[in-house]
Amino acid sequence: MLLYIAKRLCQTVFVLVGITFATFCLINIVPGDPVQVMLEKRADPEMIQQVRHELGTDKPLPEQYINFVEGAVKFDLGKSYFSKEPVMSMLLRGFLVTAKLAAISFLFAVTIGISCGMLAAIKRGKPTDSFLMMIAILGMSAPSFWIAIILQIIFGLKLNLLPLSGLDQPLCYILPSIALGTRYAASIARITRTSMLDVIKQDYIRTARAKGVKESMVFIKHALKNALIPIVTLLGTQLGNMLAGSMLIEKVFSISGIGKLAVDSMTNRDLPLVQGTVLYIAVIFVVINLIVDLSYALIDPKIRYGKGA
């Protein structure tokens, strides 16, 4: 188990180093000068050169990359070209907003998705199964921003029950959480049903039933537990997507989270902020994948003891 964890941690470090290099290279090969964008062509060449020197963009690219990595290790990603605010402070502020929305959306998606998936598996081939899977297909097919707009029209404008934008009060989280979590709940329901149906056919399920175990315990304790590997994999990916910020949902509901921050940084060509948001998103996915891989060892004893590596 310890060897497995150490191996995954070493892989994570190499992945993060590769991400920093790829991020730096891709950003610096994009056409355009961020200094000229920032000054809006109002400065003469001498002023532009002075600003480049102050920002360090006139240094050789290898030296800029080393400075970027050293700063990232020290949690110092520089300052925004436009707001002059430390990038880490902006990322932390956006993360707190996105994390709250992601937590509520994830809880909604997991609760609805696993419940509907298990119910569909139990009622396989019956009208309940067909109805739930039809709803799941519709949920996966409908764009999140379209669901968000429909929710705003119905519950915000027509019924005047919930706020339309912002996150100023607890009620503000309801509509964006439903809009963000619906698609993920539909995916969880489908993968839960498929995984549960594969497990239900196994011999140990028939043995549990033959011993007189209650049907509810058969599904929860035996079937669901052994069907968790694909479900956990999907949950990890979805949680990473939520924590990376939903640009469309944040735009529709005027939420100042990571998604909006990333869009604004790319629009303004604010290189330190672009590098910071890309690095943040990469780290989120790497950490989530690491946690998911480690959870496999807790779920499946074969992986825990190195037999399923």
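The values are calculated or read from the model by the stated rules, or taken from the named source; none is laboratory data. Computed from a predicted structure; not experimentally measured. For neighbour counting, all protein chains shown are included, and Cβ atoms are generated from backbone atoms with ideal geometry for every residue, glycine included.
Would you call Val263 surrounded by 16 or more Cβ atoms within 10 Å (Cβ to Cβ), touching a residue at least 60 places away in the same chain (Cβ under 8 Å) and β-branched (Val, Ile, Thr)? When the stated conditions are applied, Val263 does not pass them. Scanning the stretch 226-238 for residues that are part of a helix (DSSP H, G or I) and without any contact (Cβ under 8 Å) to a residue 40 or more places away in the chain yields Asn226, Pro230.
When the test is whether a residue is touching a Pro at 6+ places or on another chain (Cβ under 9 Å), of a type in the set (Gly, Ala, Ser), within 17 Å of Ala227 (Cβ to Cβ) and buried (at least 16 other Cβ atoms within 10 Å of the Cβ), Ser195 passes it. So for the stretch 47-66 (the condition being outside the structural domain of Leu175 (by TED's automatic domain parsing), at pLDDT 80 or above, closer than 20 Å to Phe21 by Cα and surrounded by 12 or more Cβ atoms within 10 Å (Cβ to Cβ)), does at least one residue qualify? There is at least one residue in the stretch 47-66 that is outside the structural domain of Leu175 (by TED's automatic domain parsing), at pLDDT 80 or above, closer than 20 Å to Phe21 by Cα and surrounded by 12 or more Cβ atoms within 10 Å (Cβ to Cβ). For residues in the stretch 123-159 being farther than 18 Å from Ser246 by Cβ and of a type in the set (Phe, Trp, Tyr), which is surrounded by the fewest Cβ atoms within 10 Å (Cβ to Cβ)? Here the answer is Phe131.
Please indicate, with yes or no, whether at least one residue in the stretch 86-104 is in contact with a strand residue (DSSP E or B) (Cβ under 7 Å, 6 or more places away or on another chain) and not basic (Lys, Arg). Scanning the stretch 86-104 turns up at least one residue that is in contact with a strand residue (DSSP E or B) (Cβ under 7 Å, 6 or more places away or on another chain) and not basic (Lys, Arg). Whether a residue is under 15 Å from the mean Cα position of the chain (by Cα), assigned by TED's automatic domain parsing to the domain that holds Gly156 and over 22 Å from Val13 (Cβ atoms) was assessed, and Val232 passes this test.
Do you know which residues across the stretch 108-144 are under 11 Å from Thr182 (Cα atoms), in contact (Cβ under 8 Å) with a residue 60 or more places away in the chain and hydrophobic (A, V, I, L, M, F, W, C)? Result: Phe108, Ala109, Val110, Ile112. Under 8 Å between Cβ atoms, which residue pairs at least 6 apart in sequence (or on different chains) link something in the stretch 163-174 that is charged (D, E, K, R) with a partner that is modelled with pLDDT under 80? As it stands, the answer is none, since no pair meets every condition given. The one condition from (1) at pLDDT 90 or above; (2) within 27 Å of Phe95 (Cβ to Cβ) that Lys251 does not meet is (1).
Please work out if Ile104 is touching a Ser or Thr at 6+ places or on another chain (Cβ under 9 Å), assigned by TED's automatic domain parsing to the domain that holds Ser265 and at pLDDT below 90.
When the stated conditions are applied, Ile104 does not pass them.
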